[in-house]
Structures are given as structure tokens and as C-alpha cells.
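The values are calculated or read from the model by the stated rules, or taken from the named source; none is laboratory data. Quick caveat, the model's predicted, so the values are computed rather than measured. Reconstructed Cβ throughout: ideal geometry from the backbone, glycine too, with neighbour counts over all protein chains shown.
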Amino acid sequence: MYLHLANRFKLFAAVLLLSLTPWAVQAEWSSRELPAELSQLGPGDIISVFVWENPELSQEISISPDGNISYPLIGELQAAGITVGGLRKVIEREFRKHLKDPQVTVSLRQVRSYNVFVTGEVMSPGLFQPTGAVTVVQAIAMAGGFTAFATRNNITVYNRFNRKSRLTFDYDSFIAGQPETDDFVLIPGDTVIVR
């Protein structure tokens, strides 16, 4: 009887531990600091602008392909390449020309400017537009995983904005848990090449 209860307790503890693991992983992931490039707005992103005490000026806006937004009362503004907080300051500054002490809130509603490319020996190579930051392993998973011919220990990552920046990733070492291998976050415009 005692042995049976001890086994039940062990089973309960194991189930409890496994059920809490995703929360621990999520907390660890959310505490990682993302590169500054990921916090910048880009073409296609949809933002929400709320102007306190002036709801008629509040709206959702899509950033145009040239990186601008057109806003009532203040005209066209450059939005791509700056952060949400930076855009809020620009909008408030422009509204000060027309309103007394404007209070503006800007939030990112939908990310469409985060593009990564996965090519080479993956099942479905192509352009991917995730809704948030992804790592090398996640990008490969979005591309359907490796083909049978993939060299998994020499994956190359290039960035279109800095062609000299070339990183390598060893998938097999990462999966084996080797501490020197980190599954890093891709930045917009990265190309993952699996040979």
C-alpha cells in the first residue's frame, strides 16, 4: 500500500513538473533581449494611434511601402526604421503645432515587415513572414525541416543589410545541448542557407 502511494506521488510530481515546464521556457524566452532591429517599424506594419481627448484623430494605419504614414492634421511622416516609442514622440511633436498638450499612444497591431528567407536543403524553401521574432531553428521548422541531403552542422545566416555579416549555426550541436551553440534570433532580412 505504501509503495503504491509513493508511486502515485512520483507520478503526480512528474505530471506537475511537466505541466509547468512550458511556463518556465516561456518566461526565459520573454526575458531575452531582442536586437534593436526587431523593435523598429517597417513597411506593411499596422499601428494603432490613439490621441487622448481627440478620438476623431485616433486610427489604425498601415505603414506604406516607402516607409511613411499619412496622418490627418500633420501630413506625411517617416515611420519605418524607428521604434514605436520614437514614432509616438514624432506624432506628439507634430500635434503640438495644432493641439494643446497632445497625449498620444502608439501600439503595434500587426507585424508584416519581419521577413526571413530560408533556402537550400529544406523541404519548403522561401520567404516567411512570421508575426514575431523567430530563431534559426524556428525558421527551419517553418520551412518544413531538412531534406535528407542537408548538412545540418554548417548552416549559414546572411543579413541583406550587412552582407559582410555571416553567422554559422550547428543544428546538431544545438540539439545535443552543447553550451557553446546558441539558437539566435533572426533579424528582418536574414537569409538562412542550409547546404
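Listed values, structure above:
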| item | result |
| --- | --- |
| Odd one out for Leu167, checked against (1) within 16 Å of the chain's Cα centre (by Cα); (2) in a strand (DSSP E or B) | (1) |
| Sole residue being more than 17 Å from the chain's Cα centre (by Cα) and closer than 30 Å to Val49 by Cα, chosen from Val116, Val134, Val104 | Val104 |
| Inter-residue pairs, beta-carbon under 8 Å, first crowded, with 16+ Cβ neighbours inside 10 Å and in the range 137-148, second part of a loop (DSSP other than H, G, I, E, B) and of a type in the set (Gly, Ala, Ser), 6+ apart | Ala143/Ser124 |
| Set Ile175, Ile155: member being surrounded by 14 or more Cβ atoms within 10 Å (Cβ to Cβ) and either touching a residue at least 12 places away in the same chain (Cβ under 8 Å) or not small (Gly, Ala, Ser) (or both) | Ile155 |
| Test for Gln103: is it closer than 23 Å to Leu41 by Cβ and either of a type in the set (D, E, K, R) or at pLDDT 90 or above (or both) | yes |
| Every residue from the range 65-106 that is touching a helix residue (DSSP H, G or I) at 6+ places or on another chain (Cβ under 7 Å) and surrounded by fewer than 13 Cβ atoms within 10 Å (Cβ to Cβ) | Pro72 |
| Exclusive hit being within 28 Å of Glu60 (Cβ to Cβ), crowded, with 18+ Cβ neighbours inside 10 Å, modelled with pLDDT under 95 and not assigned by TED's automatic domain parsing to the domain that holds Pro43, set Pro130, Pro188 | Pro188 |
